[in-house]
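Values quoted throughout were computed directly from the atomic coordinates according to the rules given, and no laboratory measurement underlies them. These numbers were taken from a predicted model, which means no experiment stands behind them. We place every Cβ from the backbone using ideal geometry, glycine too, and count neighbours over all the protein chains shown.
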Amino acid sequence: MLKRKLVQCLREGDLPSYRVVLNAQAVLCRGLPIDPIADLVPGFDSSQHESDEGSLRVAQFLFQNGFAQVSEYDAMGWSPMCYAALNGDPALVKALLERRANPSDETKKGQPLLAVSKQISALALAAMFRNNDAVKLLLAANSDLHPRRSSVPLCLASFGNNAVPWGRDEP
């Protein structure tokens with residue numbers, strides 16, 4: 001069913017919805033014996049990219065999500081870091097941070113598929129969807145814990161029923 005939705009979004013040119021479904025797989029399938037759908041967009045050539053694992057991971061993520069740069073925003077106002085926070089893969093978040101992605105990135109528009117409003121930080125997204133390893137990495141990178149314009153990550157963690165203790169002083 002997920003693959004069918006992803007293919008439908010691609011056929012219709014609805015890249016923001018495609019990106020949400022692609023990166024929400026870990027959340028949607030948490031606890032299920034299902035491997036995430038990867039490499040749906042053909043044509044990625046790993047030999048054209050740097051050989052270290054982080055660079056390759058970021059290049060593949062950007063390719064599969066239709067981005068060219070880590071600092072880019074799509075039509076829905078989401079950056080690769082916002083989608084990575086939704087995805088929750090700590091190695092991906094770390095690799096994006098190493099390539100100077102902004103740990104305090106915020107969505108510029110809401111996303112109805114996730115019932116998420118605009119100006120939600122990557123940290124808040126990770127907290128809301130219980131991606132706690134990503135939360136810890138974003139906190140270690142000095143993501144803004146108390147953004148002025150957006151929802152406070154701790155509030156969204158409570159909306160996601162995420163009661164795991166995490167903070168800047170955690171190991």
Scalar couplings 3J(HN,Hα) for the range 70-81 by Karplus 6.51 cos²θ - 1.76 cosθ + 1.60 (θ = phi - 60°), nearest whole Hz, x for Gly and Pro, are 6, 9, 6, 10, 8, 4, 8, x, 10, 9, x, 5
Suppose we keep just the alpha-carbon trace of the range 58-136; what are its Rg and Dmax in angstrom? 11.2, 30
Under 30 Å from the Cα of residue 5 - lysines, other chains or at least 8 residues apart: 94, 108, 109, 118
What is the magnitude of the charge dipole of the range 1-45 about its Cα centre, with +1 placed on the Cβ of each Lys and Arg, -1 on the Cβ of each Asp and Glu, and no other charges, expressed in debye to the nearest 20? 220 debye
Using a simple spin-label model with points 7 Å from Cα along the Cα→Cβ vector, what separation in nm is obtained for residue 91 and residue 1? 2.9 nm
Positive dipole terminus of the range 21-121, leading residue within 77, 26, 36 (C-beta point charges): 77
For residue 34 and residue 68 in the same chain, what is the full-extension length gain: residue separation times 0.36 nm, less their Cα-Cα distance, in nm? 9.3 nm
Round to the nearest 0.05 the FRET efficiency obtained for residue 8 and residue 52 when R0 = 45 Å and r is the Cβ-Cβ distance. 0.80
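How high is the relative contact order of the range 54-155, in percent, with contacts defined as C-alpha pairs under 8 Å that are six or more residues apart? It would help to have the intermediate numbers written out before the result.
Working: 165 pairs, mean separation 25.6, N = 102.
Across the range 54-155, relative contact order equals 25 percent.
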Between the alpha carbon centres of the range 73-94 and the range 24-46 the gap in Å comes to 14 Å
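May I ask you to derive the relative contact order of the range 1-66, considering only C-alpha pairs under 8 Å and at least 6 residues apart, and to give it as an integer percent?
Values: 30 pairs, mean separation 17.8, N = 66.
The value is 27 percent.
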Can you list residues whose amide H is under 5 Å from residue 116's amide H, if they're 5+ apart or on another chain and H is modeled 1.01 Å from N? 111
Expressed in nanometres to one decimal, the distance between label points 7 Å along Cα→Cβ at residue 44 and residue 115 is 3.1 nm
Under Karplus coefficients 6.51, -1.76 and 1.60, residue-wise ³J(HN,Hα) of the range 7-17 in Hz, glycine/proline x: 5, 4, 4, 5, 4, 7, x, 8, 5, x, 5
